[in-house]
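Below is one structure, written out as C-alpha coordinates; comments come after it.
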Amino acid sequence: VVVIISLVVLTSGIVMLKGFIEGAEEHMNLLDQKLEAELERMLIDEGKQVAIARKTADIERGSTYVFGIGIMNTKSEIDTFHLQVEFKSATDAQNKALTVDKDKVEGWSMYNFNPLKIEQWDNDKIGVLVSVPEDALKGEYIFNARFYEGENEEIQYGNTLQMIVNVKYKQIVCA
(Lines give C-alpha, C1' and ligand atoms only; values in the text may rest on other atoms or scores of the structure.)
Protein backbone atom coordinates (compact mmCIF):
# COMPACT_ATOMS: atom_id res chain seq x y z
CA VAL A 1 0.00 0.00 0.00
CA VAL A 2 2.82 2.41 0.91
CA VAL A 3 4.60 1.64 -2.37
CA ILE A 4 1.43 2.28 -4.39
CA ILE A 5 0.80 5.58 -2.62
CA SER A 6 4.44 6.58 -3.19
CA LEU A 7 4.16 5.79 -6.91
CA VAL A 8 0.95 7.83 -7.18
CA VAL A 9 2.59 10.81 -5.44
CA LEU A 10 5.70 10.51 -7.64
CA THR A 11 3.62 10.33 -10.82
CA SER A 12 1.50 13.33 -9.86
CA GLY A 13 4.68 15.28 -9.04
CA ILE A 14 6.13 14.50 -12.46
CA VAL A 15 2.90 15.57 -14.18
CA MET A 16 2.86 18.84 -12.21
CA LEU A 17 6.52 19.53 -13.05
CA LYS A 18 5.86 18.88 -16.74
CA GLY A 19 2.91 21.28 -16.65
CA PHE A 20 5.02 23.96 -14.96
CA ILE A 21 7.82 23.64 -17.53
CA GLU A 22 5.39 23.77 -20.45
CA GLY A 23 3.68 26.82 -18.93
CA ALA A 24 7.04 28.57 -18.46
CA GLU A 25 8.01 27.89 -22.08
CA GLU A 26 4.66 29.29 -23.21
CA HIS A 27 5.23 32.46 -21.14
CA MET A 28 8.71 32.93 -22.57
CA ASN A 29 7.38 32.74 -26.12
CA LEU A 30 4.59 35.25 -25.50
CA LEU A 31 6.17 38.66 -25.81
CA ASP A 32 3.32 41.07 -26.37
CA GLN A 33 3.18 42.96 -29.67
CA LYS A 34 3.98 46.33 -28.07
CA LEU A 35 7.11 44.90 -26.46
CA GLU A 36 8.20 43.29 -29.74
CA ALA A 37 7.66 46.57 -31.58
CA GLU A 38 9.75 48.45 -28.98
CA LEU A 39 12.58 45.93 -29.33
CA GLU A 40 12.41 46.17 -33.15
CA ARG A 41 12.66 49.97 -32.90
CA MET A 42 15.66 49.80 -30.56
CA LEU A 43 17.49 47.18 -32.63
CA ILE A 44 16.74 48.38 -36.14
CA ASP A 45 16.05 52.12 -35.89
CA GLU A 46 18.67 52.82 -33.22
CA GLY A 47 21.12 50.17 -34.47
CA LYS A 48 21.74 48.59 -31.08
CA GLN A 49 23.36 45.16 -30.93
CA VAL A 50 21.39 44.22 -27.80
CA ALA A 51 18.41 45.86 -26.15
CA ILE A 52 15.91 45.43 -23.36
CA ALA A 53 12.44 46.88 -23.25
CA ARG A 54 11.05 47.82 -19.84
CA LYS A 55 14.11 47.02 -17.78
CA THR A 56 12.29 47.54 -14.45
CA ALA A 57 9.32 45.53 -13.19
CA ASP A 58 7.33 45.62 -9.95
CA ILE A 59 6.43 42.01 -9.17
CA GLU A 60 4.39 40.76 -6.23
CA ARG A 61 5.62 37.71 -4.39
CA GLY A 62 4.23 34.58 -6.04
CA SER A 63 3.88 36.33 -9.42
CA THR A 64 5.77 36.35 -12.72
CA TYR A 65 6.90 38.84 -15.34
CA VAL A 66 8.45 38.43 -18.80
CA PHE A 67 11.32 40.74 -19.75
CA GLY A 68 11.86 41.19 -23.48
CA ILE A 69 15.47 41.11 -24.69
CA GLY A 70 16.54 41.54 -28.29
CA ILE A 71 19.75 40.94 -30.23
CA MET A 72 20.80 41.99 -33.75
CA ASN A 73 23.75 40.43 -35.56
CA THR A 74 25.86 43.34 -36.83
CA LYS A 75 28.79 41.07 -37.68
CA SER A 76 29.86 40.28 -41.25
CA GLU A 77 28.49 36.74 -41.31
CA ILE A 78 25.98 34.37 -39.74
CA ASP A 79 26.90 33.86 -36.11
CA THR A 80 25.74 31.92 -33.06
CA PHE A 81 24.91 33.68 -29.81
CA HIS A 82 23.72 32.57 -26.41
CA LEU A 83 22.22 34.45 -23.49
CA GLN A 84 23.32 34.23 -19.87
CA VAL A 85 21.37 35.81 -17.00
CA GLU A 86 23.06 36.19 -13.61
CA PHE A 87 21.89 37.58 -10.27
CA LYS A 88 23.95 40.66 -9.34
CA SER A 89 22.59 42.15 -6.10
CA ALA A 90 19.61 42.74 -3.84
CA THR A 91 18.88 45.74 -1.62
CA ASP A 92 16.07 46.75 0.72
CA ALA A 93 14.14 50.06 0.75
CA GLN A 94 17.01 51.74 2.67
CA ASN A 95 19.47 50.58 -0.03
CA LYS A 96 21.09 48.08 2.37
CA ALA A 97 22.25 44.75 0.95
CA LEU A 98 19.86 41.85 1.47
CA THR A 99 21.30 38.50 2.48
CA VAL A 100 19.92 36.04 -0.06
CA ASP A 101 20.91 32.67 -1.50
CA LYS A 102 22.44 33.60 -4.89
CA ASP A 103 21.71 30.19 -6.45
CA LYS A 104 18.10 30.32 -5.32
CA VAL A 105 17.59 33.85 -6.72
CA GLU A 106 19.26 32.89 -10.01
CA GLY A 107 16.66 30.14 -10.21
CA TRP A 108 13.94 32.78 -10.50
CA SER A 109 14.79 33.36 -14.18
CA MET A 110 13.89 30.98 -17.01
CA TYR A 111 14.85 31.52 -20.63
CA ASN A 112 16.00 29.72 -23.76
CA PHE A 113 19.49 28.37 -23.05
CA ASN A 114 19.91 27.09 -26.60
CA PRO A 115 22.27 28.96 -28.94
CA LEU A 116 20.65 31.38 -31.40
CA LYS A 117 21.85 31.27 -34.99
CA ILE A 118 21.28 34.74 -36.46
CA GLU A 119 22.07 35.91 -39.98
CA GLN A 120 23.85 39.21 -40.60
CA TRP A 121 21.54 42.21 -39.93
CA ASP A 122 18.81 39.93 -38.67
CA ASN A 123 17.53 39.98 -35.10
CA ASP A 124 15.86 37.76 -32.56
CA LYS A 125 13.91 38.36 -29.38
CA ILE A 126 13.93 36.31 -26.19
CA GLY A 127 11.54 36.31 -23.29
CA VAL A 128 13.11 35.99 -19.85
CA LEU A 129 10.49 34.77 -17.39
CA VAL A 130 11.12 35.90 -13.81
CA SER A 131 9.09 34.00 -11.23
CA VAL A 132 9.24 35.50 -7.73
CA PRO A 133 8.57 32.92 -5.00
CA GLU A 134 6.13 33.51 -2.15
CA ASP A 135 8.94 33.66 0.43
CA ALA A 136 11.05 36.30 -1.38
CA LEU A 137 12.22 39.26 0.67
CA LYS A 138 10.83 42.66 -0.32
CA GLY A 139 13.45 44.71 -2.15
CA GLU A 140 15.21 45.51 -5.41
CA TYR A 141 16.90 42.59 -7.20
CA ILE A 142 19.25 43.28 -10.10
CA PHE A 143 20.06 40.69 -12.77
CA ASN A 144 22.68 41.09 -15.52
CA ALA A 145 21.90 39.72 -18.97
CA ARG A 146 24.75 39.17 -21.43
CA PHE A 147 25.00 37.69 -24.89
CA TYR A 148 28.10 35.75 -25.87
CA GLU A 149 29.37 34.90 -29.34
CA GLY A 150 29.83 31.28 -30.30
CA GLU A 151 29.63 28.37 -27.91
CA ASN A 152 31.82 29.75 -25.12
CA GLU A 153 31.57 32.65 -22.70
CA GLU A 154 34.82 34.31 -23.66
CA ILE A 155 33.60 36.96 -26.12
CA GLN A 156 30.71 39.12 -24.91
CA TYR A 157 28.52 40.55 -27.66
CA GLY A 158 27.09 44.01 -27.05
CA ASN A 159 26.74 45.66 -23.69
CA THR A 160 25.50 44.18 -20.41
CA LEU A 161 21.76 44.66 -19.92
CA GLN A 162 20.19 45.00 -16.48
CA MET A 163 16.84 43.66 -15.38
CA ILE A 164 15.59 45.27 -12.17
CA VAL A 165 12.94 43.40 -10.19
CA ASN A 166 11.19 45.29 -7.40
CA VAL A 167 9.66 42.60 -5.19
CA LYS A 168 6.44 43.77 -3.54
CA TYR A 169 4.27 42.15 -0.94
CA LYS A 170 0.87 41.02 -2.17
CA GLN A 171 -1.87 43.50 -1.58
CA ILE A 172 -4.75 42.04 0.38
CA VAL A 173 -8.14 43.33 -0.66
CA CYS A 174 -10.82 43.25 2.04
CA ALA A 175 -14.46 43.31 1.04
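Some observations on this one:
- Filter result for residue 97 (over 14 Å from residue 69 (Cβ atoms), surrounded by 12 or more Cβ atoms within 10 Å (Cβ to Cβ) and not basic (Lys, Arg)): no
- Residues of the range 18-48 classified as within 13 Å of residue 128 (Cβ to Cβ) and either at pLDDT 80 or above or not polar (S, T, N, Q) (or both), total: 8
- Scanning the range 49-59 for residues that are closer than 24 Å to residue 113 by Cα, open to solvent by 60 Å² or more (accessible area, probe 1.4 Å) and modelled with pLDDT of 90 or more yields 49, 55, 56.
- When 85, 167 are checked against the criterion of being within 30 Å of residue 37 (Cβ to Cβ), open to solvent by less than 30 Å² (accessible area, probe 1.4 Å), in contact with a Lys or Arg (Cβ under 7 Å, 6 or more places away or on another chain) and at pLDDT 90 or above, a single residue qualifies: 167.
- Some residue of the range 60-69 being under 19 Å from residue 118 (Cα atoms) and either open to solvent by 70 Å² or more (accessible area, probe 1.4 Å) or not aromatic (Phe, Trp, Tyr) (or both): yes
Here is a yes/no grid of residues against (1) touching a residue at least 12 places away in the same chain (Cβ under 8 Å); (2) touching a strand residue (DSSP E or B) at 6+ places or on another chain (Cβ under 7 Å); (3) open to solvent by less than 60 Å² (accessible area, probe 1.4 Å); (4) polar (S, T, N, Q):
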site: 71; (1), (2), (3), (4): yes, yes, yes, no
site: 81; (1), (2), (3), (4): yes, yes, yes, no
site: 101; (1), (2), (3), (4): no, no, no, no
site: 119; (1), (2), (3), (4): yes, no, no, no
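- In the range 127-164, the residue that is nearest to residue 74 (Cα to Cα) out of those that are among the acidic types (Asp, Glu) and at pLDDT 90 or above is 149.
- Total residues in the range 132-151, condition out of contact with any helix residue (DSSP H, G or I) (no Cβ under 9 Å at 6 or more places or on another chain) and part of a loop (DSSP other than H, G, I, E, B): 7
The values are calculated or read from the model by the stated rules, or taken from the named source; none is laboratory data. As the structure is a computational prediction, the values presented were derived from the model and not from experiment. Note: ideal-geometry Cβ built from the backbone for every residue, glycine included; neighbour counts use all protein chains shown. When the accessible area is computed, the model is the full protein with side chains, heavy atoms only, and any ligands, DNA or RNA have been set aside. Shrake-Rupley method; radii C 1.70, N 1.55, O 1.52, S 1.80 Å.
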